[in-house]
1. So residue 199 clears everything in (1) under 24 Å from residue 277 (Cα atoms); (2) open to solvent by 80 Å² or more (accessible area, probe 1.4 Å) except one condition, right? Which one?
2. When you scan the stretch 160-174, how many residues do you find that are small (Gly, Ala, Ser) and without any contact (Cβ under 8 Å) to a residue 24 or more places away in the chain?
3. Does residue 134 fit the bill of being open to solvent by less than 30 Å² (accessible area, probe 1.4 Å), modelled with pLDDT of 95 or more, more than 29 Å from residue 279 (Cα to Cα) and assigned to a helix (DSSP H, G or I)?
4. Which ones in the stretch 204-239 are β-branched (Val, Ile, Thr) and at pLDDT below 95?
5. Report the residue count in the stretch 267-282 for those that are under 15 Å from residue 98 (Cβ atoms) and either open to solvent by 60 Å² or more (accessible area, probe 1.4 Å) or among the polar types (S, T, N, Q) (or both).
6. Scan the stretch 111-149 for residues that are of a type in the set (Ser, Thr, Tyr) and either closer than 30 Å to residue 169 by Cα or in contact (Cβ under 8 Å) with a residue 40 or more places away in the chain (or both) and jot them down.
7. Consider residue 79 carefully, then state whether it is more than 23 Å from residue 283 (Cα to Cα), surrounded by 12 or more Cβ atoms within 10 Å (Cβ to Cβ) and under 23 Å from the mean Cα position of the chain (by Cα).
8. From (1) open to solvent by 80 Å² or more (accessible area, probe 1.4 Å); (2) more than 17 Å from the chain's Cα centre (by Cα); (3) at pLDDT 95 or above, pick out the condition that doesn't hold for residue 92.
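The values are calculated or read from the model by the stated rules, or taken from the named source; none is laboratory data. Model, not experiment: these values are computed from the prediction. A quick note on method: Cβ atoms are made from the backbone with ideal geometry, for glycine too, and the neighbour counts reach across all protein chains shown. Note: areas computed on protein heavy atoms with side chains; ligands, DNA, RNA excluded. Shrake-Rupley method; radii C 1.70, N 1.55, O 1.52, S 1.80 Å.
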Amino acid sequence: SSFALRALCLIPCSTVPFAQMAPFLSTPLIRGHNEAYLPIIKSGMHALQVTSGPMIMVFLIGLQMLKKKLTDKHASTFYSDAWKFLSKAEARDKVGRIVQYACRMLQGILAHLPADSALQLCKPLVAECQTTLAWARRTHRWGKEMPHIPTLGKAISNCDVLQAAQSMVLITFLVQDHIYWLLKVGILKFTNYTPIQWHRRNLRFITLSHVLNFSLCIREIMQAKKKLQDAEVKGNDDAVRKAKSTIFDNKRMMVRYVLTFIQMLHVSQVKKMDDWYIGIMGMISSYIDASKQWTPTISAPPQLTPSGAMPPEQARAA
């Protein structure tokens, strides 16, 4: 690849259409500059760096063509579902949170290794990755309080004290999280709080929110159990399935809120624990959140011909 790039760099400028634009450009566009499409290759490692993107692109094309050869189609239900999942901001946020807490777990493990361990070289890299992800997620939380404001209004109108309390605490946390962002970038200055002190104080609000959410789940389960009993008496199978699903989902979320409650106690330093198992808890709770964003495509049942056989097109696809 180094030889090929060197050969391309020897193309006369007169053969390059963009050469006429040179007087208008601050740096060469095509070749000769380190940031051009075809830089002057200085070493084998330089060549590998420059060709890494195109090589990965060629590898992906090869995989796609292999898939076409094996399945006789370019489309993929799983690929479409994965892209649909990653197209959601909430899904990307939770995937980022999984990686963020994986970094916390790794930092916890490294803290227990000898100081002269070769793995300690990874510590600053892991810490930087965790911090970068945390701030990327925090930046994208602007506006996240918006859907909770109508919920709060509805709860107040219905005299639902528990839901209103949860919404008020969550909205307060999100607004104060934005203030933390403004403090960190220097737009705001507080005399009584450093940015990190403000952040740790704010984490106590989300900790309380998890307790209130846990209580809401208990209430939902109690209501669903009553509906389940009524549905079983009436023999309504759809209502029975719906009630059981509601009970299962809320029990799952209760596990999530227990994990996040413990996580926030540690991150806010209300109760210092160990990063390695807090990181594992964070990965599990983030997976629970991320899985709610996965909506797999449900294939339509095959249509049978009058003879009872599947149409040839569907038979080949199956």
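1. Here residue 199 clears every test but (2).
2. Looking only at that region, the number is 2.
3. Details: open to solvent by less than 30 Å² (accessible area, probe 1.4 Å): yes; modelled with pLDDT of 95 or more: yes; more than 29 Å from residue 279 (Cα to Cα): no; assigned to a helix (DSSP H, G or I): yes.
Taking the combined requirement at face value, the residue does not satisfy it.
4. Once the filter is applied, which keeps residues that are β-branched (Val, Ile, Thr) and at pLDDT below 95, the stretch 204-239 yields only 233.
5. At the first step, the residues of the stretch 267-282 found to be under 15 Å from residue 98 (Cβ atoms) are 278-282.
Adding the requirement that they be either open to solvent by 60 Å² or more (accessible area, probe 1.4 Å) or among the polar types (S, T, N, Q) (or both) leaves 280.
Here the count works out to 1.
6. Answer for the stretch 111-149, where residues must be of a type in the set (Ser, Thr, Tyr) and either closer than 30 Å to residue 169 by Cα or in contact (Cβ under 8 Å) with a residue 40 or more places away in the chain (or both): 131, 132, 139.
7. So residue 79 passes the test.
8. (2)
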